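A.B. asks: Can you read through this structure? Questions will come right after.
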Amino acid sequence: MPQDSGSKKELSAGKISTWSAQAAGGNLLLSLFSDSDAVLRGRALEVFVRRSYRACGVSGSSHLAVATQGPGIMGARWRFRNPGVAVAGTMSVWQGSAKVLPHSKALEEYL
């Protein structure tokens, strides 16, 4: 789902120049999730996750696995550290996962 990036009027006019850098970057990456090129789709999801979890240590050297089954249908798994949560004085490594589906009907079918 696109991030809050302005009024509906701005969205329909395509004035991304009025969006914040974060919103514009996120919305542009999201638009690539349904591209016909599987490599591009996978890279877009990887960049989206790395941007979203940057504060949690998901960086260029972190292992992030992306699987794409078709336009708008992808999944990802990654490991990250939550800097605000420590167990016995050490930071735990957590696992994240994401599933991208083309529409809400596909979510009902997936569940």
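A.B. asks: Might you work out the accessible area of PHE48 for me, using a 1.4 Å probe with all protein chains in place, and round it to the nearest 10 Å²?
C.D. replies: 50 Å²
A.B. asks: How would TRP19, TRP78 rank on accessible area, largest to smallest, probe 1.4 Å? Walk me through the numbers before you get to the answer.
C.D. replies: Numbers: TRP19 40, TRP78 10 Å².
The residues order as TRP19, TRP78, largest area first.
A.B. asks: Let me ask another. Applying 1/(1 + (r/R0)^6) with R0 = 25 Å to the Cβ-Cβ distance of ALA23 and ALA106, what FRET efficiency is obtained, to the nearest 0.05? Each step should come with its number before you reach the end.
C.D. replies: Working: r = 25 Å, r/R0 = 0.99.
In this case the efficiency is close to 0.50.
The values are calculated or read from the model by the stated rules, or taken from the named source; none is laboratory data. Bear in mind the structure is a predicted one, so any value in this text is a computation, not a measurement. Backbone-built Cβ (ideal geometry, glycine too); neighbour counts: all protein chains shown. The protein model used for the area step is the full one, side chains on, heavy atoms only, and it has no ligands, DNA or RNA in it. Shrake-Rupley method; radii C 1.70, N 1.55, O 1.52, S 1.80 Å.
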